[in-house]
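Undergrad: Can you keep this structure in mind? I'll have questions shortly.
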Amino acid sequence: MDDHGFEKPIRILLVEDNPGDVRLVREAFDQVSAETSIRAVTDGADALDTLRDRQSAEVDLPDLVLLDLNLPRVDGFSVLEAIETDPELARIPCIILTGSKAREDVRKSYDLAANTYLTKPSDPDEFAAMASSIEQFWFRHAVLPPA
């Protein structure tokens, strides 16, 4: 366990349908000081299946969810609502990471208990800075509920 109570590596569920963005997120988190393990799924239905499978199989849930809003099959809002209404999942920090800057998307995300709303950076250096900020805040400073 590290100084803040997290087992290594920090488990991240990335819900993103754009392979280029998946690559950028992976590369960005490779540069942070904390060891991370990223499981990427490409749509909201797979995200929900992954979270439910982990609950039923008693496999560790992710420490953090990075969630795009514009997804095939099941959109990010529906995933966020399912997370928020499930007591086991509601404790997992959920960060919206999307290309949308629409005020309605921001409002709706926070109404559905998103912990943070970030718009996708435009270049790899900005992705790296974002990953570092996420790591510093969520895994160095914030106190999260026990699993």
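Matching residues to (1) part of a helix (DSSP H, G or I); (2) charged (D, E, K, R); (3) modelled with pLDDT of 95 or more:
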{"site": "Arg54", "(1), (2), (3)": "yes, yes, no"}
{"site": "Leu80", "(1), (2), (3)": "yes, no, yes"}
{"site": "Glu104", "(1), (2), (3)": "yes, yes, yes"}
{"site": "Asp125", "(1), (2), (3)": "yes, yes, no"}
{"site": "Ala128", "(1), (2), (3)": "yes, no, no"}
{"site": "Arg140", "(1), (2), (3)": "yes, yes, no"}
{"site": "Leu144", "(1), (2), (3)": "no, no, no"}
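Undergrad: Criterion first (in contact with a strand residue (DSSP E or B) (Cβ under 7 Å, 6 or more places away or on another chain), of a type in the set (A, V, I, L, M, F, W, C) and assigned to a loop (DSSP other than H, G, I, E, B)) does Ala34 satisfy it?
TA: Working: in contact with a strand residue (DSSP E or B) (Cβ under 7 Å, 6 or more places away or on another chain): yes; of a type in the set (A, V, I, L, M, F, W, C): yes; assigned to a loop (DSSP other than H, G, I, E, B): yes.
Judged against the criteria, Ala34 is a match.
Undergrad: Sticking with this one: Looking at (1) under 14 Å from Glu16 (Cβ atoms); (2) open to solvent by 20 Å² or more (accessible area, probe 1.4 Å); (3) part of a loop (DSSP other than H, G, I, E, B); (4) of a type in the set (A, V, I, L, M), which is the only condition Leu69 fails?
TA: (2)
Undergrad: Follow-up. Determine which single condition Arg52 fails, assuming it passes every other condition in (1) open to solvent by 60 Å² or more (accessible area, probe 1.4 Å); (2) under 13 Å from the mean Cα position of the chain (by Cα); (3) more than 24 Å from Leu24 (Cβ to Cβ).
TA: The number of the failed condition is (2).
Undergrad: Which residue is farthest from Val32 (Cα to Cα), if the candidates are limited to segment 105-128 and must be in contact (Cβ under 8 Å) with a residue 60 or more places away in the chain and open to solvent by 30 Å² or more (accessible area, probe 1.4 Å)?
TA: So, considering only residues that are in contact (Cβ under 8 Å) with a residue 60 or more places away in the chain and open to solvent by 30 Å² or more (accessible area, probe 1.4 Å), the one farthest from Val32 (Cα to Cα) is Lys120.
Undergrad: Something else now. For Ala34, are the conditions met, namely being more than 14 Å from the chain's Cα centre (by Cα), of a type in the set (Gly, Ala, Ser) and surrounded by 19 or more Cβ atoms within 10 Å (Cβ to Cβ)?
TA: Values: more than 14 Å from the chain's Cα centre (by Cα): yes; of a type in the set (Gly, Ala, Ser): yes; surrounded by 19 or more Cβ atoms within 10 Å (Cβ to Cβ): yes.
Yes.
The values are calculated or read from the model by the stated rules, or taken from the named source; none is laboratory data. If you're wondering where the values come from, they're calculated on a predicted model, not measured in any experiment. Don't worry about glycine lacking a Cβ; one is built from the backbone with ideal geometry, like all the others, and counts go over all protein chains shown. Surface areas here come from the heavy atoms of the whole protein model, side chains and all, with no ligands, DNA or RNA. Shrake-Rupley method; radii C 1.70, N 1.55, O 1.52, S 1.80 Å.
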